[in-house]
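Participant: I have a structure I would like to understand better, so I am pasting it below and will then ask my questions one at a time.
The values are calculated or read from the model by the stated rules, or taken from the named source; none is laboratory data. Note that the structure is a prediction, hence the values are computed from the model and not measured. Cβ placement follows ideal geometry from the backbone for every residue including glycine, while neighbour counts extend to all protein chains displayed.
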Protein chains: 4
Amino acid sequence: MGETVENARRSIGARRNPDSADAIREAAEAVLLEKGYAGFSIEAVARRARAGKPTIYRWWPSKAALLLDVYQRQKRDIDYGGTDSVEEDMFRFLRSLFVQWRETPAGDIFRSLIAEAQSDPTAAAALADYARERREHRARIIERGIARGEVRSDVDPMLVADLLASYAWTHLITGRLDESDEAIRAAARLIARGIVV
Amino acid sequence: MGETVENARRSIGARRNPDSADAIREAAEAVLLEKGYAGFSIEAVARRARAGKPTIYRWWPSKAALLLDVYQRQKRDIDYGGTDSVEEDMFRFLRSLFVQWRETPAGDIFRSLIAEAQSDPTAAAALADYARERREHRARIIERGIARGEVRSDVDPMLVADLLASYAWTHLITGRLDESDEAIRAAARLIARGIVV
Amino acid sequence: MGETVENARRSIGARRNPDSADAIREAAEAVLLEKGYAGFSIEAVARRARAGKPTIYRWWPSKAALLLDVYQRQKRDIDYGGTDSVEEDMFRFLRSLFVQWRETPAGDIFRSLIAEAQSDPTAAAALADYARERREHRARIIERGIARGEVRSDVDPMLVADLLASYAWTHLITGRLDESDEAIRAAARLIARGIVV
Amino acid sequence: MGETVENARRSIGARRNPDSADAIREAAEAVLLEKGYAGFSIEAVARRARAGKPTIYRWWPSKAALLLDVYQRQKRDIDYGGTDSVEEDMFRFLRSLFVQWRETPAGDIFRSLIAEAQSDPTAAAALADYARERREHRARIIERGIARGEVRSDVDPMLVADLLASYAWTHLITGRLDESDEAIRAAARLIARGIVV
DNA sequence: ACCTAAGCGAGACGGTACGTCTCGTCTTGCG
DNA sequence: CGCAAGACGAGACGTACCGTCTCGCTTAGGT
């Protein structure tokens, strides 16, 4: 999986060199991990990847684009439950997300992306798109609940997805990913109570 | 309110000059408003306030400290309800916060503070402190509900406050402060249903 | 000679841009001339040259290096005589140096360099090197005198060169470059008498 | 003599407090010794002396004034010979000066004063005055030589004094105070040969 | 015995410069 | 034409001093 380039990468002609792109993504992730968002600069990534800065700018127009790319590359599947209980499904989703953010670089990367989005409109747009897509995806938990008659039919699945994500995001950006399973379950239960028939 | 200094501010002896402090706070707010978080630098604030950089660093150890100061100075009271319905109280709190963030500089300032906290640990600590204090304050809505028997006594008021704040924060940082009253009420109702007896 | 850059200088690739180097040298000289050593700062030079500070630091590690460069760029040839009389050769050397220091920026630049060397060890080293090289060069006047039998063979040419330079330097740093030809010749004659056979 | 102030110095009424003046002079000397000219700032002296900056500015209008004061306070007598040989007298003077500059703070202080004089006109004037006075003093060595018939009567004593001082100053400012007695004697002999009958 | 005047330590003030960092752009020379 | 390399103008970073200011205190000398 694209281990560190040893001697030197060169151009492979008039087209994008996938090795370079990978090296840059890996370097970005490594820098983010080691130095955090504060030390995450295009300079640092280029140095680390032994890549020229223009090569980065050529393919990722902004820091945000690189962050998003790295985040999606890094992200693994989330447990969306699939039990016959919305509470259980929501609990598993939240716990799974908390674990992933806590134990892989994904959390730091996503925090960086959120930070970047507060000043860079393109990052903001990308983040908004991504968030909507994820909400839609998570909304299926509720839709399934409605379908099997567990959840009231007048509940807006997107609103519930929004509440779930909000809870997770806010814990991420305030450094509270260390919530216990009980605490997470309590949140899931509270929301579940609000929506079951 | 913050009239332009005419000739020049000077030292007023071996103690802090409140005029300078005010001028700096005002300049910080103005820069943030005009240039956004991306253009918010100590240099820019100093230039705008006609203050020396060391004067800023003397009293605000970091950009975060200045941001927080400006935010608290800017913040006005929030409607915490006080009706005999937790749903109504929560709705009023959320709507009032959305309005304030949308229609005053407070929203942009708080977004900046959140962004800053993702890279600056002191900002993160300050933000966490502030958030906890606010949560405790908002939890009273629920405590009142429990006291009058409207809310189940096994509900954790801090968890509810957390959910409320999460909803608001996430809408702030994803640029969705334009939710309709109906949407906000739907969120409040959902949570309320989950906690009433 | 040093026309003003019109639109903007740019990078010309991964190598030094001679235009920038020249612009910086010219700006340094101009600043030194107009503001004197007290007003000679890297900031001021960068401003004047419309160059970034890092560009200056990249090529001149210290103020001293820039000063020395400017001095050598500015310096023109000195009359080292070449007559058949050491007295006449020494006189011409001294007079030529006094004239140059008095009538061109070289004098002020060299004074600055001496001042800088009193606090900056790298400047001190550079100045010591330069001084030694110049002494060796000037010592040839005496060596020629020894060769043609005019000067005693037990005279150390470097000592004589040292005395000559000392006389000039001291007059420079105490603002006594306005010595008459007679005064300069008297000094040359005194030293000559001490060394002829 | 002027031991470290223990508790605090205070005003002693509407007149200069000699204790403060002494403490400042001592602090100036100590700072110069420990940090060198580069670290010699009014701030540093004030800190060291536990004095207010205005107290320093009140009595010494410039860094140069303080330096000169400290130099004169520090300076001890020089051996002006008094033998019946100008060469011996000049040698003793030079050696004595080299030793003093090398082994006491005087050398560093004087270097600083010379540096300061290159940018500060008041320092330059003070230095020029001081130098002239010292030259006149040293010229007596030659005058005595003329009086006893050892030195040619057409020799200008001030020129000889100038050459002597120049040799010493230049060695001071180029860090060559470590000349051997032989080297110093060679210089004295060369000049002596040029002036004896 | 009171009052004024000036010196004192202290330290904040508006500034300028420091030397370093990163930004995003540019151009080269190789492949 | 892509690539590594790295220089470029720009400008922010946080720190050190600059020289000035005002404070609250102390003391001496004139009233």
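Participant: Do you know which residues across the stretch C:38-56 are polar (S, T, N, Q) and assigned to a helix (DSSP H, G or I)?
Facilitator: Step one: of the stretch C:38-56, the residues polar (S, T, N, Q) are C:41, C:55.
Selection gives C:THR55 alone.
Participant: Give me a count of the residues in the stretch B:155-196 that are within 25 Å of A:ALA183 (Cβ to Cβ), more than 19 Å from the chain's Cα centre (by Cα) and of a type in the set (D, E, K, R).
Facilitator: Total satisfying the criteria: 3.
Participant: Is there any pair with a first residue in the stretch A:40-53 that is assigned by TED's automatic domain parsing to the domain that holds A:SER20 and in contact (Cβ under 8 Å) with a residue 40 or more places away in the chain and a second that is assigned to a loop (DSSP other than H, G, I, E, B) and surrounded by fewer than 12 Cβ atoms within 10 Å (Cβ to Cβ) whose Cβ atoms are under 8 Å apart and which are 6 or more apart or on different chains, and what are they?
Facilitator: A:ARG50/A:ALA8
Participant: May I pose another question? Quick check: is even one residue across the stretch D:26-37 away from chain C (no Cβ under 14 Å), assigned to a helix (DSSP H, G or I), more than 11 Å from DNA strand F (Cβ to nearest atom) and farther than 16 Å from D:ALA106 by Cα?
Facilitator: No: zero hits.
Participant: Hey, any hits in the stretch D:104-113 for a residue that's at pLDDT below 95 and β-branched (Val, Ile, Thr)?
Facilitator: yes
Participant: Here is a follow-up. Considering every residue within the stretch C:129-145, establish whether at least one is among the β-branched types (Val, Ile, Thr), touching a residue at least 60 places away in the same chain (Cβ under 8 Å), closer than 26 Å to C:ARG185 by Cα and crowded, with 17+ Cβ neighbours inside 10 Å. Step through it out loud before you land on a result.
Facilitator: Step one: list which residues in the stretch C:129-145 are among the β-branched types (Val, Ile, Thr), which gives C:141-142.
This time we only want the ones that are touching a residue at least 60 places away in the same chain (Cβ under 8 Å), so: C:141.
Right, trim to closer than 26 Å to C:ARG185 by Cα and you get C:141.
Keeping just the survivors that are crowded, with 17+ Cβ neighbours inside 10 Å gives C:141.
Within the stretch C:129-145 (the criterion being among the β-branched types (Val, Ile, Thr), touching a residue at least 60 places away in the same chain (Cβ under 8 Å), closer than 26 Å to C:ARG185 by Cα and crowded, with 17+ Cβ neighbours inside 10 Å), the answer is yes, since at least one residue qualifies.
Participant: Go through the stretch D:127-156 residue by residue and tally those that are more than 23 Å from D:GLU88 (Cβ to Cβ) and more than 11 Å from every other protein chain (Cβ to nearest Cβ). Walk me through how you get there before you give the answer.
Facilitator: Going residue by residue through the stretch D:127-156, those that are more than 23 Å from D:GLU88 (Cβ to Cβ) are D:127-133.
In the following step, the residues that additionally are more than 11 Å from every other protein chain (Cβ to nearest Cβ) were identified as D:133.
Summing the residues that are more than 23 Å from D:GLU88 (Cβ to Cβ) and more than 11 Å from every other protein chain (Cβ to nearest Cβ) in the stretch D:127-156 gives 1.
Participant: Continuing with the same structure: Could you check D:SER96 against (1) over 20 Å from C:LEU163 (Cα atoms); (2) among the polar types (S, T, N, Q); (3) in contact (Cβ under 8 Å) with a residue 12 or more places away in the chain and say which number it fails?
Facilitator: Condition not satisfied by D:SER96: (1).
Participant: Going by the conditions given, is A:GLU182 surrounded by fewer than 19 Cβ atoms within 10 Å (Cβ to Cβ) and under 19 Å from B:ALA161 (Cβ atoms)?
Facilitator: yes
Participant: Identify all residues within the stretch B:150-182 that are aromatic (Phe, Trp, Tyr) and free of Cβ contacts under 8 Å to residues at least 60 places away in the same chain; write none if there are none. Before you say what the answer is, go through the steps one by one.
Facilitator: So the first thing to find is which residues in the stretch B:150-182 are aromatic (Phe, Trp, Tyr), and the list is B:167, B:169.
Scanning the stretch B:150-182 gives a single hit, B:TRP169.
Participant: I've got another one for you. Taking C:ASP178 and the conditions (1) more than 8 Å from chain D (Cβ to nearest Cβ); (2) in contact with a helix residue (DSSP H, G or I) (Cβ under 6 Å, 6 or more places away or on another chain); (3) closer than 19 Å to C:VAL99 by Cα, which numbered condition does it fall short on, given that it satisfies the others?
Facilitator: Only one criterion is unmet by C:ASP178, namely (2).
Participant: Restricting the stretch D:99-115 to residues that are in contact (Cβ under 8 Å) with a residue 40 or more places away in the chain and among the small types (Gly, Ala, Ser), which is nearest to D:ILE78 (Cα to Cα)?
Facilitator: So in the stretch D:99-115, the residues in contact (Cβ under 8 Å) with a residue 40 or more places away in the chain come out as D:101-102, D:105, D:107-115.
Narrowing the set further to residues that are among the small types (Gly, Ala, Ser) leaves D:107, D:112, D:115.
Numbers: D:GLY107: 13, D:SER112: 20, D:ALA115: 23 Å.
In this case the residue turns out to be D:GLY107.
Participant: Quick test of your reading of the structure: B:ALA64 fulfils all but one of (1) at pLDDT 95 or above; (2) away from DNA strand E (no atom under 16 Å from the Cβ); (3) more than 30 Å from B:ARG152 (Cβ to Cβ). Name the failing condition by number.
Facilitator: The number of the failed condition is (1).
Participant: Would you list the helices (runs of 4 or more DSSP H) that sit entirely within the stretch D:63-153 and hold 3 or more residues that are closer than 20 Å to D:LEU33 by Cβ and either not assigned by TED's automatic domain parsing to the domain that holds D:PHE40 or not acidic (Asp, Glu) (or both)?
Facilitator: Values: elements: D:63-74, D:86-103, D:106-117, D:121-147.
Here the list reads D:63-74, D:86-103, D:106-117.
Participant: Would you mind telling me which numbered condition in (1) of a type outside the set (Gly, Ala, Ser); (2) more than 10 Å from DNA strand E (Cβ to nearest atom); (3) in contact with a helix residue (DSSP H, G or I) (Cβ under 8 Å, 6 or more places away or on another chain) D:ASP77 fails?
Facilitator: Looking at each condition in turn, D:ASP77 falls short on (3).
Participant: Would you call D:GLU29 among the charged types (D, E, K, R), more than 16 Å from DNA strand E (Cβ to nearest atom) and not assigned by TED's automatic domain parsing to the domain that holds D:GLU150?
Facilitator: Numbers: among the charged types (D, E, K, R): yes; more than 16 Å from DNA strand E (Cβ to nearest atom): yes; not assigned by TED's automatic domain parsing to the domain that holds D:GLU150: yes.
When the stated conditions are applied, D:GLU29 passes them.
Participant: With the requirement that a residue be of a type in the set (A, V, I, L, M) and under 19 Å from D:ALA188 (Cβ atoms), what does the stretch D:66-82 give you?
Facilitator: So in the stretch D:66-82, the residues of a type in the set (A, V, I, L, M) come out as D:66-68, D:70, D:78.
If the condition is that a residue be of a type in the set (A, V, I, L, M) and under 19 Å from D:ALA188 (Cβ atoms), then D:ILE78 is the only one that fits.
Participant: If you don't mind, another one. Out of D:SER20, D:SER41, D:SER11, report the one residue that is within 15 Å of DNA strand E (Cβ to nearest atom) and surrounded by 15 or more Cβ atoms within 10 Å (Cβ to Cβ). It would help to see each step written out before you state the result.
Facilitator: Details: D:SER41 fails: surrounded by 15 or more Cβ atoms within 10 Å (Cβ to Cβ); D:SER11 fails: surrounded by 15 or more Cβ atoms within 10 Å (Cβ to Cβ).
Sole residue among the options that is within 15 Å of DNA strand E (Cβ to nearest atom) and surrounded by 15 or more Cβ atoms within 10 Å (Cβ to Cβ): D:SER20.
Participant: Does B:ALA124 satisfy being surrounded by fewer than 22 Cβ atoms within 10 Å (Cβ to Cβ), facing chain A (nearest Cβ under 10 Å) and more than 23 Å from A:ALA126 (Cα to Cα)?
Facilitator: Numbers: surrounded by fewer than 22 Cβ atoms within 10 Å (Cβ to Cβ): yes; facing chain A (nearest Cβ under 10 Å): yes; more than 23 Å from A:ALA126 (Cα to Cα): yes.
Here the answer is yes, as B:ALA124 does meet what is asked.
Participant: While we're here: If I filter the stretch C:80-102 for residues that are buried (at least 18 other Cβ atoms within 10 Å of the Cβ), under 13 Å from the mean Cα position of the chain (by Cα), over 30 Å from C:ASP156 (Cβ atoms) and of a type in the set (A, V, I, L, M), do I get at least one hit?
Facilitator: No, the stretch C:80-102 has no match at all.
Participant: If you don't mind, there's one more thing I want to ask. What number of residues in the stretch D:62-89 are near DNA strand F (Cβ under 8 Å from one of its atoms) and not small (Gly, Ala, Ser)? Lay out the reasoning, then the answer.
Facilitator: Filtering the stretch D:62-89 down to residues near DNA strand F (Cβ under 8 Å from one of its atoms) leaves D:62-63.
From what's left, not small (Gly, Ala, Ser): D:63.
Of the residues in the stretch D:62-89, 1 are near DNA strand F (Cβ under 8 Å from one of its atoms) and not small (Gly, Ala, Ser).
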